[in-house]
Amino acid sequence: MKESSVKTAYEAAKERYAELGVDTDAALEKLRKISISIHCWQSDDVTGFENLGNLGGGGIQATGNYPGKARNIEELREDIDEVLTLVAGSHRLNLHAIYGDFGGKTVDRNELEPKYFQSWMEWAKDKGLKLDFNTTSFGHPKSGDLTLANPDAGIRNFWIEHSKQCRAISEAMGKFQNDPCIMNLWIHDGSKDITVNRLKYRQILEKSLDEIFATAYRNMKDSIEAKLFGIALESYTVGSYDFYLGYGAKKGKIVTLDTGHFHLSESIADKISSLLLFTPEIMLHVSRPIRWDSDHVTILNDETTDLAKEIVRADALDRVHVGLDYFDASINRIGAYVIGIRSTQKAFLQALLEPIGQLRTYEAGGQYFERLALLEEAKALPWNSVWDYFCLQNNVAVGENYIAAIQQYEKSVLSKR
Ligand code: RNT
Ligand code: ZN
């Protein structure tokens, strides 16, 4: 697409939006400031770089075997570098505990220290990225069906220790980058079949969390992530949404909303305005569930745009942290990243361009036909011309031009792995 055409289209769009009281330049400025926490695990199918061997457990599984997955830290960094050339804005990188720089050593999950993440901190600083972090309780011989909710003190304490160490690592990251590191805690704990001890495991989990969170830190923030069910753990999930919502509201913790972790007909967007009232902040794992928590690549669909709109309508961009969580091993993994990031940005752009003033005037006046009509018209306003201009302004590929860049990367880098 010609640069001059992008500019001309933008000027026309700007004029059109102005008629509805929307300032496109202001929207672009806000969009540039939305940092997306990019999940490192799309690059290597959630394998990590431990030298323990992937031992299963926890139900996390990427499907597909497209060539080119990152096999080590260098390749993962190379991939993220490439991704960053194709997306505008400044972002964050979300690491899991299994991605440490272990230097060939076998370091178990209860032996983690900030030093194993030092090279990540330095690398990220160099790239202008901030880091977020996650405990990893899946894929380990002690994962089983129960970790932090395990009645067996030996196993439970192992994971409590791990989680405490992860908080200390997050604190070190936050301090190093002079910006709070959000540490997400998700565990798979549950039961395949009917349990007659629903309360018991939740009581244990509550106690474990209290112990993990006992140390107060200044440079990290805790987020806790619920889930509906896991594969092979279909009957019961200890850390359900009710559990974490209750815990987060009571103890002032951030609740993570993974868009794949609810009943498929449930609106995640609708949860934003309630959580904002009762929890300090919100962490998002934007994903795309197909029939179940399948972790398909995030796209620009109604679910994603509704979510972005609710955040913008609540004026809560400073309280909602946007992260991605999907892993597709059946297509070019760099492409998967770029599609998900750009689509999330497009959703926020649409939200920022909403003629909200006029819509609210209609609503206040009981003019519901007018409100619905404008909502419908707004869907097809020339937001894409604003998007193209955003890419141009920020020196990244406009429109589908990123396809060629990714094909080239596949040819020169990925196909050689
Ligand atoms: C699993 C959760 C969790 C993980 C990542 C790898 O269902 O969504 O967030 O996907 O931590
Ligand atoms: Zn998630």
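Amide H contacts of Leu257: Met283, Leu284, His285, each under 5 Å away and 5 or more positions distant or on a separate chain (H built 1.01 Å from N in the peptide plane; Pro and chain starts excluded). Label separation (Arg32 vs Asp315): 2.3 nm, computed from points 7 Å beyond Cα along the C-beta direction. Calculated from the alpha-carbon coordinates, the chain shows an Rg and a Dmax of 21.8, 67 Å respectively.
Computed from the C-beta positions of Asn197 and Ile231 and an R0 of 22 Å, the FRET efficiency is 0.55 to the nearest 0.05. Using a probe radius of 1.4 angstrom, the carbon and sulfur fraction of the accessible surface of the chain is 49%.
Just from its helices, what would the mean residue ellipticity at 222 nm be for the chain, if runs of 4 or more DSSP H residues each count -39500 (n - 2.57) and the sum is divided by every residue, rounded to the nearest 500 deg cm²/dmol? Only helices count here, giving -14000 deg cm²/dmol. Per-residue extension of 0.36 nm, minus the Cα-Cα distance of Thr47 and Thr361, leaves a gain of 107.9 nm for this segment. Annotation: amide H-H contacts under 5 Å for Leu185 (H modelled 1.01 Å from N, sequence separation of 5 or more, or interchain): Ser223, Ile224, Glu225. Rounded to the nearest 10 degrees, the angle from helix 3-19 to the longest Cα principal axis of the chain is 80 degrees. Residue separation of Ser265 and Asn157 scaled by 0.36 nm, minus their Cα-Cα distance, works out to 35.2 nm of gained length. The phi torsions of the stretch 258-274, fed into the Karplus equation with coefficients 6.51, -1.76 and 1.60 and a -60° offset, translate into couplings of 8, 5, x, 9, 9, 4, 4, 8, 7, 8, 6, 4, 5, 6, 3, 5, 6 Hz, rounded to whole numbers, with Gly and Pro shown as x. Among the lysines of the stretch 252-383, pairs at least eight places apart or on separate chains and with Cα atoms under 22 Å apart come to 6. In terms of accessible area, using a 1.4 Å probe and ignoring ligands and nucleic acids, Val196, Val396 rank largest first as Val196, Val396.
For Tyr236, the residues whose modelled amide H falls within less than 5 Å of its own, excluding neighbours fewer than 5 places apart on the same chain, are Ser191. Accessible area per residue (1.4 Å probe, heavy atoms of protein chains only) ranks Arg417, Arg167 as Arg417, Arg167, with the largest value leading.
Quick one: Debye curve from the alpha-carbon atoms of the stretch 134-267 only, equal weights, vacuum; give me log10 I(q)/I(0) at q = 0.22 Å⁻¹ to two decimals. So the normalised log intensities are -1.42.
Counted without the sites themselves, the longest stretch of the chain free of GluC sites (Glu not before Pro) in a DSSP loop having at most 16 other beta carbon atoms within 10 Å is 267-417. Modelled label positions at Lys250 and Leu372, each set 7 Å beyond Cα in the direction of Cβ, lie 4.3 nm from each other. Annotation for the stretch 19-95: trypsin sites (Lys or Arg not before Pro) lying in DSSP loop with at most 16 further Cβ atoms inside 10 Å of their Cβ are Lys33, Arg71.
For the stretch 201-214, putting each phi into the Karplus relation 6.51 cos²θ - 1.76 cosθ + 1.60 with θ = phi - 60° gives couplings of 5, 6, 5, 5, 4, 4, 5, 4, 5, 4, 5, 4, 8, 4 Hz, in residue order, rounded to whole numbers and with x for Gly and Pro. Full extension of the chain between Ala380 and Asn301 gives 27.0 nm of extra length, using 0.36 nm per residue less the Cα-Cα distance.
In sequence order, the stretch 408-415 has phi-based couplings of 5, 5, 4, 5, 8, 10, 4, 5 Hz under the Karplus curve 6.51 cos²θ - 1.76 cosθ + 1.60, θ = phi - 60°, and Gly or Pro positions carry x. With every protein chain in place and a 1.4 angstrom probe, the accessible-area ranking of Tyr236, Tyr66, Tyr402, Tyr368, largest first, reads Tyr368, Tyr66, Tyr402, Tyr236.
The values are calculated or read from the model by the stated rules, or taken from the named source; none is laboratory data. Quick caveat: nothing in here was measured; it's all calculated off a predicted structure. Here the Cβ is made from the backbone with ideal geometry for all residues, glycine too, and neighbour counts use every protein chain on show. Just so you know, the surface numbers come from the protein's heavy atoms only, side chains and all, with ligands and any DNA or RNA stripped out. Shrake-Rupley method; radii C 1.70, N 1.55, O 1.52, S 1.80 Å.
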